[in-house]
Every structure is written in C-alpha cells, then in structure tokens.
Amino acid sequence: MNCQAVQRTILILPDPRHIPEMLRDHVVGCVGCREWAQQVARLEGLLTQLPVPPAPANKKQELIDQLAHPEPVIIYRATQPGGERAGQPIRWFMHRPAQLAGGLAAAVLLAVGGWWLLTRSGPTPETALPTPRDPFVEKLVRQNIALAHASKPTERLQLLGGLADAISSQTRNLARVANPSDLNELAALFDKVIHTGLARQVETMPDHALTLTEKQELYSSLAQKLGTLATDAETLAHEVPPEAKPALQKIAVSAREGQKKFQP
Amino acid sequence: MRRVVFTLVTGVVVCAWAGAQGPTPLSPADQVKLLKMNRILIGNLIDDSLALANAGNETERAVACRKTARSLANALKAAAHDEDADRVTELAELMARVMRDGLMPNLDAATRLVQPNSPQAAQLAEVKKSALGDLDDIAAAVPLDSKLAGNPKVQESLAGLAQIKSRIVP
C-alpha cells in the first residue's frame with residue numbers, strides 16, 4: 001500500500017486517532033504518513049471539543065406545522081391509531097393485485113381471441129361497406145334529362161357546354177389519384193362532347209335559329225368557357241404526376257379546338 | 001330555467017347548422033373506385049346525351065331517353081348480381097328519374113303529335129315496348145324471394161319503377 005492510499009484510508013476511519021493494525025507498520029516507518037496521521041487525529045480531537053447549541057424542544061413540531069399550513073403543499077395527517085394499518089389492505093389491493101389482475105385479464109383475452117381466430121370454421125363474414133352514390137353519374141343524368149327537354153339550339157349548346165365542363169372538372173379532380181387509362185377515357189369523352197356535340201350543333205344549326213346578337217353572345221360565352229377549361233387543364237398539367245399529363249393535355253387541345261369554333 | 005332554454009336553443013342551432021352542411025364529400029379513394037365501377041355507364045350516359053342533343057323531334061328524344069334508361073338498367077342488373085343494395089337503389093332511382101322526367105314527357109308529346117299508323121307511330125310503339133322490357137328485366141334481376149328484394153330501400157326504389165311501368169300504355 002502506497003502513501004496516498006494509506007492517507008486516504010486514515011481520512012475515512014471512524015476515529016482516526018486509533019490507527020488499525022494493517023496501517024500501523026507503514027505509518028510508523030513513514031515520516032510523511034505519520035505526520036498526516038497526527039494532523040488528522042488532532043483535527044478529530046478539536047472537532048469533538050466544538051460546542052453544540054441545544055435544539056429548541058418544539059422546533060420539529062413548528063417546522064411540520066409551517067409546512068402544513070396555510071399552504072398545504074405537503075399535507076400533514078395526524079396518524080390515527082390503527083388508521084395506517086387499516087388502509088393497508090386497500091392499497092395492497094389497489095396496486096399490486098390490480099396490476100396482477102389486469103395482466104391476467106389481458107392474457108385471458110389474448111388466449112380466447114387467439115383460440116377463436118384459430119378454431120372458427122366457415123367463410124369469413126364479409127362486412128359490407130355501403131357503396132357511396134356517385135355525384136358525377138348523378139350530374140350526367142341531370143344533364144341528360146335537361147337535354148331531353150331542350151328543344152332550342154341555344155339550350156342544347158349551353159347544356160353541352162355544361163357537360164364538357166363537368167367532364168373536365170372530374171378529370172382535373174382525379175388527375176392526381178386516378179389510373180391514367182381512366183383519365184384518358186375521360187379526356188376522350190370530353191373530346192367527343194366538343195366535336196360530336198358542340199361542333200355538330202354549330203354545323204347543323206339553321207341560319208334563322210338565332211339572331212346575330214344572340215349568336216354572338218352565345219358563341220362568345222362558349223368560347224370563353226372553353227378557353228377557361230383549356231387554361232385550367234394546361235395549368236394543372238404542370239403540377240400532376242407525368243402519367244396524368246397526357247389526359248389533361250388532350251383536354252386542353254380539345255378545348256382550344258372548340259374555342260376556335262366559337263370565336264368570331 | 002334560463003339554462004334549459006339556452007341548452008335547447010343551442011341544440012336547435014347546432015342541428016340546423018349540421019343539417020345545412022349537405023352530403024359529406026367523397027374521399028379520393030371512393031372517387032377513383034366509383035370512376036372504375038361506373039366507367040361503362042359514364043361513357044354510355046355521355047353518348048346518350050349526345051344522341052339527345054342531336055335528336056330532331058320528340059320521338060327521337062324518346063328513343064334517346066329510352067337508351068339512357070337501358071344504360072342504367074344494365075348497370076342496375078350488374079349491381080343486383082353483386083347484391084349491392086345501395087347501388088341498386090341509386091341506379092333504380094336514377095332510372096326512375098330518367099323515365100319519369102325524360103322519357104314519359106317525350107312519349108306523351110310524341111303520342112299527341114304523330115299520326116296513327118305512321119312510321120313514327122310504329123317507332124313510338126317500339127320505344128314503349130322496349131321500355132316495358134327494360135322494366136321487366138329489372139324485376140327479373142331482383143327476384144321477390146331474394147335477400148336484395150327484402151331490403152327496404154331497394155323495395156322503395158323498385159316500387160317507384162313499378163309505378164312508372166303502370167303509366168306506360170303499350
């Protein structure tokens with residue numbers, strides 16, 4: 001044992017004035033450690049001589065009262081004979097066995113659930129989710145019924161313009177999520193409405209069906225509408241996934257072609 | 001007392017607000033699913049609408065309306081085969097609307113206008129016969145002893161179609 005270890009051991013002795021046998025040989029033979037032991041022993045002697053003031057008799061109770069009142073952050077409860085012991089079974093039940101019971105209940109549930117899943121026979125009962133109504137189909141049916149009553153070319157042109165708008169809107173709404181083939185089909189339907197519907201109405205319209213002013217107003221309105229549809233599709237084509245672009249571009253091209261038909 | 005009145009008034013206001021919200025918008029997944037499911041029907045409805053736009057008179061419009069009804073009837077039969085009560089109800093209601101608000105007025109107008117024994121009269125008779133055939137097809141697609149026929153919504157929508165059938169005079 002070196003001098004440093006001996007001196008540390010002396011410091012932690014309960015009473016350094018009494019050097020144990022195992023250190024004594026070293027301390028006797030080593031001047032530095034002997035002087036260290038003497039100083040520590042002297043210090044210990046001085047400490048025992050320090051006067052200690054007597055504690056006030058009621059200080060402890062005053063401190064407890066101060067903590068308990070008036071802000072009962074720590075509430076002091078007077079112990080009642082048998083009270084603590086009386087609360088023990090409840091605490092015991094509320095903590096340890098409750099955890100145990102909860103664990104057991106969970107284990108039983110898992111076992112029963114597993115057994116039910118593994119042993120049940122027959123086909124799995126299907127949970128029939130309600131099929132939502134399709135607002136797009138409903139809109140198409142409304143347009144269809146309106147066309148069934150449209151005897152004037154102006155009405156038919158406006159309704160066909162609405163039909164083109166509905167298809168374009170549906171394509172734009174689904175451009176980010178729908179299958180490209182479904183989108184292309186919608187774009188093909190839009191093109192059909194423009195060329196087989198609107199354009200044909202213009203070509204077959206009798207000269208006397210509209211006055212010049214009526215014709216100008218109607219055509220200008222349709223050209224504007226188709227121009228807006230083209231712009232909307234072109235704008236969205238820059239924001240959607242690449243596979244959705246062709247459908248929107250096709251709608252934009254068809255709309256521009258239709259727009260030309262109605263421009264003066 | 002004031003608290004009760006306040007609670008009732010608040011409840012009424014909340015109910016009125018909730019009622020004014022309209023149907024919940026479809027999720028993108030539902031919209032995609034419906035687009036796939038109704039792909040053929042959508043194409044047919046647009047073709048039928050174009051036929052209506054290009055129809056020159058009431059008889060031709062009646063022919064086009066009957067075609068729309070047929071498109072819906074085909075989709076309805078497929079839904080009945082799948083035992084999809086919601087879809088059967090939806091399509092039966094749409095078909096009833098087309099027949100009641102589109103086909104019937106044009107049939108009535110054409111019947112008044114066409115000369116008996118004319119080619120148009122024969123065409124009209126054919127339209128009526130086909131429309132009655134469509135309704136019979138629907139009845140056959142939902143047999144009375146089927147689970148589908150026991151659904152109250154389906155029953156109600158099919159009753160609407162049966163009522164229209166009684167108004168079509170061959």
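The values are calculated or read from the model by the stated rules, or taken from the named source; none is laboratory data. Remember, predicted model here, so these are calculated numbers, not experimental data. Cβ sites come from the backbone with ideal geometry, for glycine too, and all protein chains shown count toward neighbours.
So is residue B:140 surrounded by 17 or more Cβ atoms within 10 Å (Cβ to Cβ) and either more than 14 Å from every other protein chain (Cβ to nearest Cβ) or touching a residue at least 60 places away in the same chain (Cβ under 8 Å) (or both) or not? Break it down into steps so the answer makes sense when it comes.
On the way: surrounded by 17 or more Cβ atoms within 10 Å (Cβ to Cβ): no; either more than 14 Å from every other protein chain (Cβ to nearest Cβ) or touching a residue at least 60 places away in the same chain (Cβ under 8 Å) (or both): yes.
Taking the combined requirement at face value, the residue does not satisfy it.
Helices (runs of 4 or more DSSP H) wholly in the range B:1-84 with at least 2 residues that are surrounded by 23 or more Cβ atoms within 10 Å (Cβ to Cβ), at pLDDT 75 or above and within 14 Å of another protein chain (Cβ to nearest Cβ) - which ones?
Where helices (runs of 4 or more DSSP H) fall fully within the range B:1-84 and carry at least 2 residues being surrounded by 23 or more Cβ atoms within 10 Å (Cβ to Cβ), at pLDDT 75 or above and within 14 Å of another protein chain (Cβ to nearest Cβ), they are B:39-53, B:58-81.
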Note: among B:112, B:87, just one is among the charged types (D, E, K, R) and modelled with pLDDT under 95, namely B:112
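Condition check: facing another protein chain (nearest Cβ under 10 Å), among the basic types (Lys, Arg) and surrounded by 17 or more Cβ atoms within 10 Å (Cβ to Cβ). Does residue A:156 satisfy that? First the steps, then the outcome.
Values: facing another protein chain (nearest Cβ under 10 Å): yes; among the basic types (Lys, Arg): yes; surrounded by 17 or more Cβ atoms within 10 Å (Cβ to Cβ): yes.
Judged against the criteria, residue A:156 is a match.
Do we have any residue at all in the range A:206-218 that's surrounded by fewer than 17 Cβ atoms within 10 Å (Cβ to Cβ) and within 12 Å of chain B (Cβ to nearest Cβ)? Even if it seems obvious, please write down each step before you answer.
Narrowing the range A:206-218 to residues surrounded by fewer than 17 Cβ atoms within 10 Å (Cβ to Cβ): A:206-209, A:211-214, A:216-217.
Within this subset, residues satisfying the condition of being within 12 Å of chain B (Cβ to nearest Cβ) are A:206.
Checking the range A:206-218: at least one residue is surrounded by fewer than 17 Cβ atoms within 10 Å (Cβ to Cβ) and within 12 Å of chain B (Cβ to nearest Cβ).
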Considering each residue of the range A:227-251, count those that are without any contact (Cβ under 8 Å) to a residue 60 or more places away in the chain and either among the β-branched types (Val, Ile, Thr) or more than 18 Å from residue A:181 (Cα to Cα) (or both), and give that number.
8
Can you give me the number of residues within the range A:169-205 that are outside any helix (DSSP H, G or I), touching a residue at least 24 places away in the same chain (Cβ under 8 Å), surrounded by 15 or more Cβ atoms within 10 Å (Cβ to Cβ) and at the interface with another protein chain (Cβ under 9 Å from one of its Cβ atoms)?
1
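In the range A:139-149, which residue that is surrounded by fewer than 19 Cβ atoms within 10 Å (Cβ to Cβ) and either in contact (Cβ under 8 Å) with a residue 24 or more places away in the chain or under 20 Å from residue B:60 (Cβ atoms) (or both) is farthest from the other protein chains (Cβ to nearest Cβ)? Walk me through it before giving the result.
Quick first cut of the range A:139-149, residues surrounded by fewer than 19 Cβ atoms within 10 Å (Cβ to Cβ) only: A:139, A:142, A:149.
Subsequent filtering for residues that are either in contact (Cβ under 8 Å) with a residue 24 or more places away in the chain or under 20 Å from residue B:60 (Cβ atoms) (or both) retains A:139, A:149.
Numbers: A:139: 10, A:149: 7 Å.
Filtering first and then ranking leaves A:139.
Conditions tested, residue by residue: (1) under 44 Å from the mean Cα position of the chain (by Cα); (2) modelled with pLDDT of 95 or more; (3) under 13 Å from residue B:54 (Cβ atoms).
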site: A:154; (1), (2), (3): no, no, no
site: A:166; (1), (2), (3): yes, yes, no
site: A:179; (1), (2), (3): yes, no, no
site: A:187; (1), (2), (3): yes, yes, no
site: A:203; (1), (2), (3): no, no, yes
site: A:214; (1), (2), (3): no, no, no
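Across the range A:168-185, what is the number of residues that are out of contact with any Asp or Glu (no Cβ under 8 Å at 6 or more places or on another chain) and closer than 13 Å to residue B:38 by Cβ? Explain how you work it out, then say what you get.
Pass one, the range A:168-185, residues out of contact with any Asp or Glu (no Cβ under 8 Å at 6 or more places or on another chain): A:169-171, A:173, A:175-179, A:181-185.
When the remaining residues are screened for being closer than 13 Å to residue B:38 by Cβ, the result is A:170, A:178, A:182, A:185.
Total meeting the criteria: 4.
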